[in-house]
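The values are calculated or read from the model by the stated rules, or taken from the named source; none is laboratory data. What you see is a predicted model; the values in this text were computed from it and never measured. Cβ placement follows ideal geometry from the backbone for every residue including glycine, while neighbour counts extend to all protein chains displayed. Ligands, DNA and RNA are stripped out before the accessible areas are found, and what is left, the full protein with its side chains, is counted by its heavy atoms. Shrake-Rupley method; radii C 1.70, N 1.55, O 1.52, S 1.80 Å.
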Amino acid sequence: MIATLCSLDELKKAKKALDHLEHTYPVLFEKIVHVMNLTRALQMKYQYMGCLLMDEDSSNCLPNLSQGSVLRLYIKEVKTLKMDADIYVLKQLFTTFKEIGYAKISLLALGNTPESLVGSSSVK
C-alpha cells in the first residue's frame, strides 16, 4: 500500500498543470482520461498505470486478473497513449508531481478537487 502525504498547495499546482494540459493538448488529455477511466473500470491500480506510462518497474503493483485478455487489452490502450506525439508533455507532468502519486494525479484529472485529496491516502 502506498501512503502519500501532500499539501493542498501541491495538489492545487498539479490541478493547474492538468487544466493547462487539457487546454493546450486536448487530444492527449482525452487519451489519458480514457486510460484513467479504464484503470478505474477494470479496478486496477493507478500506480500500475503510472508505472506502465513512465516505463517503471510495475512488479509490485501488478493487477490480479483472471483474464489475460483483459490485461492485454489494457496494456494495448496504454501503449496507444504512449505513442502520442506529445506524450513527453504528460510524462513531464507525471515526473514533476511524482511525490503526489499517480493515484492523486489521476483523481485530479478525473475531476476531484484538490481539497478532497488533502492528507494521506491509501488509493493505489
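Restricted to the range 103-124, and to residues there that are farther than 21 Å from Cys61 by Cα and β-branched (Val, Ile, Thr), the residue that is modelled with the lowest pLDDT is Val118. Checked against (1) modelled with pLDDT under 95; (2) charged (D, E, K, R); (3) open to solvent by less than 70 Å² (accessible area, probe 1.4 Å), Asp9 passes all but condition (3).
Would you say Lys12 is of a type outside the set (A, V, I, L, M, F, W, C) and in contact (Cβ under 8 Å) with a residue 24 or more places away in the chain? When the stated conditions are applied, Lys12 passes them. Filtered by the rule that a residue be surrounded by fewer than 14 Cβ atoms within 10 Å (Cβ to Cβ), polar (S, T, N, Q) and at negative phi, the range 34-55 gives a lone residue, Asn37. Restricting attention to the range 38-62 and to residues that are within 14 Å of Ile105 (Cβ to Cβ) and among the polar types (S, T, N, Q), the residue that is farthest from the chain's Cα centre (by Cα) turns out to be Thr39. Residues in the range 56-87 that are open to solvent by 90 Å² or more (accessible area, probe 1.4 Å) and either within 19 Å of Asp19 (Cβ to Cβ) or charged (D, E, K, R) (or both): Asp57, Arg72, Lys76, Lys79.
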